[in-house]
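Below you'll find the structure, written out as structure tokens, and then a few comments.
The values are calculated or read from the model by the stated rules, or taken from the named source; none is laboratory data. As the structure is a prediction and not an experimental result, all values here were calculated from the model. Every residue, glycine as well, gets a Cβ built from its backbone with ideal geometry; the counts of neighbours run over all protein chains shown. All accessible areas refer to the heavy atoms of the entire protein, side chains included, with ligands and DNA or RNA removed. Shrake-Rupley method; radii C 1.70, N 1.55, O 1.52, S 1.80 Å.
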Amino acid sequence: MNANVAKLMNEQINKELYSAYLYLDFSIFYEQQGLDGFANWYMVQAQEERDHAMLFLKYLQLNGEKAELDAVGKPDKEMKTLMDPLKFGLEHEQYVTSLINDIYAAAYEVKDFRAMQFLDWFVKEQLEEEKNADDMIKKMELFGNDSKGLYSLDSEYAARVYTAPSLVL
Ligand code: FEO
């Protein structure tokens, strides 16, 4: 593999594991507030992020690269309101989208069509990630200030179940 593309993918393993850690932190925050549905939503999200990390690891391995794991940073978002994690979540996903785009650009530059095809799944996934995060903010703005509305949102998020990623390597 091109050294730069491999390096960026290796770094992405760490970024995705950090995402899992960040969402786990959100889950802990909501559990403490008694919102088990929101806590569940982010617990499932954390599992998905771990899957993303594993996909990058597997891709590197299939291509004969040795991955190197780095330390995962401590989630340091200061959450004070029920809205805070949702806003941090959208910001974070926009950042992850920029990282995926950077890897894509690096692959494009060296005509690494295989990497681009692999990354296509992540490009699409990021649209979904940003849309989900944005929807959660909108719903919280609309219904979050009313206790019945909040209860109903929490019930909706309690129903989220983990499914394995559609991309299989
Ligand atoms: Fe791995 Fe939420 O993107």
Please report the carbon-and-sulfur percent of the accessible area for the chain; probe 1.4 Å, protein heavy atoms only, DNA, RNA and ligands left out. 53
Region 37-63 residues near the modelled D70 label - backbone nitrogen below 19 Å, point 7 Å along Cα→Cβ: 49-61
Sequence gap at least 6, Cα distance under 8 Å: using those rules, report the relative contact order of the chain to the nearest whole percent. 31
Could you pull the Cα extents of the chain along its three principal axes, largest to smallest, in whole Å? 54, 27, 25
Using a 1.4 Å probe, how large is the accessible area of L24, given in Å² and rounded to the nearest 10? 60
Counting other Cβ atoms within 10 Å of each Cβ, which trypsin sites (Lys or Arg not before Pro) in region 29-101 have at most 12 and sit in a DSSP loop? K66, K80
For region 126-169, how big is Rg over Rh, using alpha carbon atoms and the Kirkwood form of Rh? 1.11
Kindly give the semi-axes, whole Å and largest first, of the ellipsoid equivalent to region 1-89, taking each as the square root of 5 times a Cα gyration tensor eigenvalue. 31, 12, 9
For a Förster distance of 45 Å, can you work out the FRET efficiency between the beta-carbons of K80 and K111, rounded to the nearest 0.05? 0.40
Per residue accessible area of region 1-122, 1.4 Å probe, in Å²: 52
May I have the count of lysine pairs in region 75-169 with C-alpha atoms under 26 Å apart, counting pairs 8 or more residues apart or located on different chains? 20
Divide by every residue of the chain the summed helix terms, -39500 (n - 2.57) for each DSSP H run of at least 4, and state the resulting mean residue ellipticity at 222 nm, rounded to the nearest 500 deg cm²/dmol. -26500 deg cm²/dmol
Could you tell me which residue out of W41, N63, S27 lies farthest along the dipole of region 27-72 toward its positive end? Charges go on the beta carbon: Lys and Arg +1, Asp and Glu -1, centred on the Cα centre. N63
Could you tell me the calculated FRET efficiency between L142 and Y162, based on Cβ-Cβ distance and R0 = 35 angstrom, to the nearest 0.05? 0.85
Return an integer: the convex hull volume of the alpha-carbon atoms of region 44-91, in Å³ per residue. 91
